[in-house]
Amino acid sequence: MTHGVGGSSAATELAELGPWPNPTPAIGREEYLTRIEKARSLMATLGAEAMMIGAGASLIYFAGVPWAASERLVCMLLHRHKDPVLVAPTFELGSLMASLAIDAHIRTWEEHESPHALVADWLRETSVRRLALDPALSFEIVSRLAEQAPSLDTVNASAVINGCRSIKSKAELALMQQAKSMTLEVQRRAARIMRPGITTTEVRRFIEAAHRALGADGNSFCSVLFGRASAYPHGLPGEMRLAEDDVVLIDTGCLVRGYTSDITRSYVFGTPSARHREIWQIEHDAQAAAFAAVRPGVACEAIDATARSVLIKAGLGPDYRLPGLPHRTGHGIGLSIHEAPFLVRGDNTPLAPGMCFSNEPMIVVPDAFGIRLEDHFHVTENGAAWFTQPSPSIDHPFG
């Protein structure tokens, strides 16, 4: 049996877990103000007088408000020279104000009123001619705003939002470190509860409970795959039961003050075959090569190319052909599990200190199994630093 896999129970593992010692502090007010000033500077490069930020991760980033997007418009209007404005339904104002981390003027609308007309009024009052739009805003919001302000010039705010969010501060890195450390501990304990016949649902429920026992705000997501299902990067529908010598692939993360983790471990419940060992080691080597290639100024796509070169040398691929790597090598991460920039061909963004990425050059053997080892790193002045140490071997996946 693979070391560290099986031999325990969910009840035993959960009983040993408690709140995380020395939890990381929340982002402070001064950091929010610094973010806003940086956004204003980047808006100027677009020639935009203001930016409209919708509910979701960017509203958390700039205002501290953890609000999910829906058909009811909640947004922040950020002018280059005026105080921010929060637009919200009147009946939700108390809930929104409880988390607002900055000073902002409030404009509310009743259920029968048009919030898009309210935004258009503000644009006219402040003489905004060009508005940068959060790319996460829905088509409905953008189209209704266009009806209310037909002469308005709009531009994509991606350069502003990504320009701010892609570079993490020390406070953000600390929150991400806590989330990732929590998830690695949960992964280790999840491996120990494996037994013949355990279901994927049982494992997912354990992971949710374990994250919460450590003080996280639950799972950000959770994928548990056994055997043949691991050959599909995001699995197959339906319940699975674990069998002897199955590959186990668990991809999961948690939330700590809005910041997410995302770690994948792959191992064998039982005795790895020669093919399991071969593919696992190639995956391990590709992940290590990608990490070693990280330097400030190197293009994101070069990291993807480095990982693929290891696979090609081993006779896999090339490109997205299988057996091989069917997707990008990695993605940015922070308040969103997947955020720009990306470690993929065609993304020429230069790596810069403070950027954070997954490193997961998965190998799929069609209709048989898949191996994905996923850890995250942040770019430093000299290269890269792991948030979590990679899995050392197929026989000792957790050391």
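The values are calculated or read from the model by the stated rules, or taken from the named source; none is laboratory data. In this text the structure is predicted, and so the values were computed from the model without any measurement. In this analysis, Cβ positions are derived from the backbone assuming ideal geometry, glycine residues included, and neighbour counts consider all displayed protein chains. Accessible surface areas use protein heavy atoms only, side chains included; no ligands, DNA or RNA. Shrake-Rupley method; radii C 1.70, N 1.55, O 1.52, S 1.80 Å.
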Spans of strands (runs of 3 or more DSSP E) in segment 69-143 with at least 3 residues on the phi < 0 side of the Ramachandran plot and touching a Lys or Arg at 6+ places or on another chain (Cβ under 8 Å): 85-89
Residues of segment 1-11 satisfying the condition of being more than 30 Å from the chain's Cα centre (by Cα) and not small (G, A, S): M1
Residue among A190, A136 that alone is among the small types (G, A, S) and open to solvent by less than 20 Å² (accessible area, probe 1.4 Å): A190
Scan of segment 72-130 for residues that are of a type in the set (S, T, N, Q) and without any contact (Cβ under 8 Å) to a residue 12 or more places away in the chain, ordered by number: S95
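Looking at the structure I just gave you, is T264 out of contact with any Cys (no Cβ under 9 Å at 6 or more places or on another chain), buried (at least 20 other Cβ atoms within 10 Å of the Cβ) and free of Cβ contacts under 8 Å to residues at least 24 places away in the same chain?
no
Working carefully through the options R257, R265, R328, find the one that is at positive phi, among the basic types (K, R) and under 18 Å from the mean Cα position of the chain (by Cα).
Being at positive phi, among the basic types (K, R) and under 18 Å from the mean Cα position of the chain (by Cα) holds for just one of R257, R265, R328, which is R257.
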Number of positions in segment 297-326 that are in contact (Cβ under 8 Å) with a residue 24 or more places away in the chain and either of a type in the set (K, R) or open to solvent by 50 Å² or more (accessible area, probe 1.4 Å) (or both): 5
Long-range neighbours under 6 Å by Cβ, at least six apart or interchain, first residue closer than 20 Å to F342 by Cβ and without any contact (Cβ under 8 Å) to a residue 60 or more places away in the chain within segment 378-392, second part of a loop (DSSP other than H, G, I, E, B) and among the polar types (S, T, N, Q): none
Check on E30, among the acidic types (D, E) and open to solvent by 50 Å² or more (accessible area, probe 1.4 Å): yes
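Keeping to segment 36-52, report how many residues are of a type in the set (G, A, S), assigned to a helix (DSSP H, G or I) and exposed (fewer than 15 other Cβ atoms within 10 Å of the Cβ). I'd like the intermediate steps shown before the answer.
At the first step, the residues of segment 36-52 found to be of a type in the set (G, A, S) are 39, 41, 44, 47-48, 50.
Narrowing further to those that are assigned to a helix (DSSP H, G or I): 39, 41, 44.
Now restrict to residues that are exposed (fewer than 15 other Cβ atoms within 10 Å of the Cβ): 41, 44.
Qualifying residue count, segment 36-52: 2.
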Options L86, L100; residue that is over 23 Å from F139 (Cα atoms) and of a type outside the set (K, R): L100
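Any idea which of I167, I161 is part of a loop (DSSP other than H, G, I, E, B), farther than 27 Å from R265 by Cβ, in contact (Cβ under 8 Å) with a residue 40 or more places away in the chain and not small (G, A, S)? So that I can check it myself, show each step before the final result.
Numbers: I161 fails: part of a loop (DSSP other than H, G, I, E, B).
Within the list I167, I161, the selection yields I167.
Conditions tested, residue by residue: (1) farther than 23 Å from H234 by Cα; (2) assigned to a loop (DSSP other than H, G, I, E, B); (3) more than 21 Å from the chain's Cα centre (by Cα).
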{"residue": "E278", "(1), (2), (3)": "no, no, yes"}
{"residue": "A286", "(1), (2), (3)": "no, no, yes"}
{"residue": "F291", "(1), (2), (3)": "yes, no, no"}
{"residue": "R295", "(1), (2), (3)": "yes, yes, yes"}
{"residue": "L316", "(1), (2), (3)": "no, yes, yes"}
{"residue": "I337", "(1), (2), (3)": "no, yes, no"}
Checklist (1) of a type outside the set (A, V, I, L, M); (2) more than 16 Å from L100 (Cβ to Cβ); (3) open to solvent by 20 Å² or more (accessible area, probe 1.4 Å) applied to H79, failing item: (3)
Filter result (of a type in the set (S, T, Y) and open to solvent by less than 40 Å² (accessible area, probe 1.4 Å)) within segment 231-258: T252
